[in-house]
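The block underneath contains the structure these notes are about, expressed in structure tokens.
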Amino acid sequence: QVQLVESGGGLVQAGGSLRLSCAASRIIFSTNTMGWYRQAPGKERELVASNTRYGTTNYEDSVKGRFTISRDYAKNTVYLQMNSLKPEDTAVYYCNTVPYVRAKWGQGTQVTVSS
């Protein structure tokens, strides 16, 4: 069964850092562009970063220069290193395939940035 399991969220002060992890099933991880999405209260879910099978990365403008997406093929895991966090980064973060969602959404991991 295709699964995505996110972890690594927490409460951090503005300016702090967190690293999120997403463990994916091998078939999904190895054959798709993977991305990190986030959903803030009252807002639509949005894609913030993606990483192709070939290592090409893309970022939403508001996180460029602060977030880094990477993937570990040995562990079938996608990471999101988040630095210089801002209160507006507060959201539930999810991983999934890009551009089409091919896996059931995981439970997500909550990131809360205090000012």
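The values are calculated or read from the model by the stated rules, or taken from the named source; none is laboratory data. None of the values given here were measured: they were computed from a predicted structure. Backbone-built Cβ (ideal geometry, glycine too); neighbour counts: all protein chains shown. All accessible areas refer to the heavy atoms of the entire protein, side chains included, with ligands and DNA or RNA removed. Shrake-Rupley method; radii C 1.70, N 1.55, O 1.52, S 1.80 Å.
Residues of the range 61-74 that are part of a loop (DSSP other than H, G, I, E, B) and either surrounded by fewer than 12 Cβ atoms within 10 Å (Cβ to Cβ) or under 12 Å from the mean Cα position of the chain (by Cα) (or both): K64, G65, Y73, A74. Look at (1) under 14 Å from the mean Cα position of the chain (by Cα); (2) β-branched (V, I, T); (3) at pLDDT 95 or above; (4) open to solvent by 40 Å² or more (accessible area, probe 1.4 Å) and you find that T56 fails only one, number (1). Looking only at residues in the range 75-105 that are of a type in the set (G, A, S) and modelled with pLDDT of 95 or more, the one that is least open to solvent (accessible area, probe 1.4 Å) is A91.
Could you identify the single residue in G108, G65 that is under 18 Å from E46 (Cβ atoms), without any contact (Cβ under 8 Å) to a residue 24 or more places away in the chain and out of contact with any Leu (no Cβ under 6 Å at 6 or more places or on another chain)? If you could, list the steps in order and put the result at the bottom.
Working: G108 fails: without any contact (Cβ under 8 Å) to a residue 24 or more places away in the chain.
Testing whether each residue is under 18 Å from E46 (Cβ atoms), without any contact (Cβ under 8 Å) to a residue 24 or more places away in the chain and out of contact with any Leu (no Cβ under 6 Å at 6 or more places or on another chain) leaves just G65.
Restricting attention to the range 19-32, the residues that are in a strand (DSSP E or B) and open to solvent by less than 30 Å² (accessible area, probe 1.4 Å) total 4.
Could you tell me whether V113 is crowded, with 17+ Cβ neighbours inside 10 Å, in contact (Cβ under 8 Å) with a residue 12 or more places away in the chain and either over 11 Å from the mean Cα position of the chain (by Cα) or part of a strand (DSSP E or B) (or both)? In short, yes. Filter the range 33-51 down to residues that are over 22 Å from P87 (Cα atoms) and open to solvent by 30 Å² or more (accessible area, probe 1.4 Å), then give me how many there are. Residues that pass the stated criteria total 1.
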